[in-house]
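Bear in mind these aren't lab numbers, they're just calculated from the coordinates by the rules spelled out. Being a predicted model, the structure only gives us computed values, none of them experimental. Glycine also receives a Cβ, built like all others from the backbone with ideal geometry; neighbour counts cover every protein chain displayed.
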Amino acid sequence: MPATGNDEKLIGTAAQMVAGVRGLLAIDESPSTCNRRFAAIGIPETAAMRQAYRDVLITTPGLGARISGAILSDETFGQATRDGVPFVQVLEAAGILPGIKVDLGAKALARHPGETVTEGLDGLRQRLAAYAAQGARFAKWRAVITIAPAAQSAALPSAGCIAANAHALARYAALCQEAGVVPIVEPEVLMDGDHTIERCAEVSERVLRAVFAELYLQDVLLEGMILKPGMVLPGIASPHTSSIDAVAGATLLCLRQSVPAAVAGVAFLSGGQASATASAHLNAMHLRAPGALPDLPWPLTFSFGRALQEPALPIWGGNESQRAAAQQALLHRAECNNAARRGEYQPSMEPA
């Protein structure tokens, strides 16, 4: 089928999001999540302080040379800098595409204890039209998949949970594309738990296959979407560790076996990894990609939240005198991940 004008727009935006060595900055935490992080370091848990923190990040000089798009929450999308300039305008002026998280969070899935389904499809068509009119170029929807503890064998994730979340992701993606907005499809397999890297690979592949089956049924244009998966990792409580190279190899193998070549790009979430570890894993994938295995059909980039923000937040700490230092920390983390996309990241780049 020949591409329509809307399809061409989606393809162009998606390509822009993953071009070069830039990546995506996720600053779409809900107010409650942001408040928890503030509370841990003594920052007042107020809307004004959340706005001030996002102001620090978004106005970072030189950010556009390192970041291609920023994912905002609904609260942040409508806010402005301390000088009264809307955040969306600041991003556009810096050459950064504005994006918006549109899901309403993971809720308990009926008759599936311990599992969730992400909600927010009701009224989404109207919300997307409004966000697009305000400048949103892409959107994000996160599904959450939990792996059962080893003692429970293969009880979770259930087929019902995977199917429900895959269907919701596909319907969201189709609505995005109808509105001319590129969907980021995020099926996150959580790091929580004691599972092995092999179990994570098995579940991740099963989830991705289910998601793409639903995307196909909903006629989603793969060239006009971005996949945001987690890396294939052992659970944080697992007694078994995996090397940087083992994670890179397992992740690439999983993607090759489950992600169609037509997808515009893969932008990894950090999922709770330490900042330097996430950069090292991304770097190892780029070192492996051109080697013995065939070249990858899609660019690999980053869409990190905590792994980009983690150093900046405690440096700022709610103190405007630390603004420039916090911005420099954000730039440094972005530069580390730019280097990782080139396969040139080194641990020596990290501060002592």
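Details
- The chain: calculated mean residue ellipticity at 222 nm from DSSP helix runs of at least 4, using -39500 (n - 2.57): -13500 deg cm²/dmol
- ³J(HN,Hα), Karplus 6.51/-1.76/1.60, whole Hz, each residue of the stretch 200-209, x for Gly, Pro: 4, 4, 4, 5, 4, 5, 5, 5, 5, 4
- The stretch 109-213, relative contact order [Cα under 8 Å, separation at least 6], %: 34 percent
- Loop-located trypsin sites (Lys or Arg not before Pro) in the stretch 301-352, at most 16 other Cβ atoms within 10 Å (DSSP): Arg342
- Qualifying GluC sites (Glu not before Pro) in the stretch 1-99, DSSP loop, other Cβ atoms within 10 Å at most 16: Glu45
- Taking a straight Cα-Cα cut-off under 29 Å and skipping sequence neighbours fewer than 8 places away in the same chain, the lysines within cross-link reach of Lys107 are Lys140, Lys228.
- Taking a Cβ cut-off of under 12 Å around Arg333, the surrounding Lys, Arg, Asp and Glu residues balance to a net charge of -1, with basic ones at +1 and acidic ones at -1.
- Charge context of Val21, other residues only, Cβ under 10 angstrom, K/R +1, D/E -1: +2
- Charge tally in the Cβ shell below 15 Å around Leu156, where Lys, Arg are +1 and Asp, Glu are -1, Leu156 excluded: -2
- The DSSP beta bridges internal to the chain are antiparallel in roughly 10% of cases.
- Whole-Hz Karplus values for the stretch 176-193 come out as 4, 5, 4, 8, x, 10, 6, x, 8, 9, 10, x, 8, 8, 5, 6, 4, x Hz, taken residue by residue from phi with 6.51 cos²θ - 1.76 cosθ + 1.60 and θ = phi - 60°; glycine and proline positions read x.
- Calculated FRET efficiency for the pair Glu320/Ala47, C-beta based, R₀ 22 Å, to 0.05: 0.85
- Of the trypsin sites (Lys or Arg not before Pro) in the stretch 75-120, the ones in a loop by DSSP (not H, G, I, E or B) with at most 12 other beta carbons within 10 Å are Arg82, Arg111.
- Integer Hz, Karplus 6.51/-1.76/1.60 couplings in order for the stretch 80-86, x for Gly and Pro: 9, 6, 5, 8, x, 8, x
- The ellipsoid that matches the Cα gyration tensor of the chain has semi-axes, each √(5λ) in whole angstrom, of 28, 24, 22, with the longest given first.
- Length-normalised contact order of the chain in % [C-alpha pairs under 8 Å, at least 6 apart]: 18 percent
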